[in-house]
1. What are the residue pairs meeting all of these: first residue in the range 48-71, first residue of a type in the set (F, W, Y), second residue surrounded by 15 or more Cβ atoms within 10 Å (Cβ to Cβ) and not in a helix (DSSP H, G or I), Cβ atoms under 7 Å, and 6 or more apart or on different chains?
2. How many residues are at pLDDT below 75 and hydrophobic (A, V, I, L, M, F, W, C) if we restrict to the range 22-66?
3. Condition (residue is more than 17 Å from the chain's Cα centre (by Cα) and either among the aromatic types (F, W, Y) or not in a loop (DSSP other than H, G, I, E, B) (or both)) applied to the range 21-38: is it met by at least one residue?
4. Quick check on E71: is it outside any helix (DSSP H, G or I) and over 20 Å from the mean Cα position of the chain (by Cα)?
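The values are calculated or read from the model by the stated rules, or taken from the named source; none is laboratory data. These figures come from a predicted structure and were not determined experimentally. Positions of Cβ are backbone-derived with ideal geometry, glycine not excepted, and every protein chain shown enters the neighbour counts. Note: areas computed on protein heavy atoms with side chains; ligands, DNA, RNA excluded. Shrake-Rupley method; radii C 1.70, N 1.55, O 1.52, S 1.80 Å.
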Amino acid sequence: MLNYIKNNFAVIMLLLIVIAGLGYPFYSGRSFMAPRLSEIDRNCYGVDVPDTIKHRQVLLFCSCIHTVSIENRAEKYHYCTTQVNKS
């Protein structure tokens with residue numbers, strides 16, 4: 001058995017890397033792919049996203065805008081911009 005593992009170590013490692021790569025999005029909650037534009041449009045409807053927010057953080061910014069309980073629009077945008085830029 002030990003001789004079999006030594007002879008096929010490269011193939012076994014390749015299979016482990018492929019399996020880990022396929023399981024990564026489920027384990028971490030982060031996908032390799034960018035979100036679809038329709039998903040961003042649906043979640044950010046009515047939100048003016050500033051240019052300082054990076055593309056991968058747009059959904060986080062929009063969810064912050066929708067969930068924060070600050071009534072003043074300028075304060076809300078300032079708060080969410082600083083929160084997103086921290087992360």
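1. F61/V49; F61/I53
2. So the answer is 5.
3. No, the conditions are met nowhere in the range 21-38.
4. yes
For every residue, the table says whether it meets (1) open to solvent by 70 Å² or more (accessible area, probe 1.4 Å); (2) outside any helix (DSSP H, G or I).
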position	(1), (2)
D51	yes, yes
R56	yes, no
F61	no, no
I65	no, no
Y77	no, no
T81	no, no
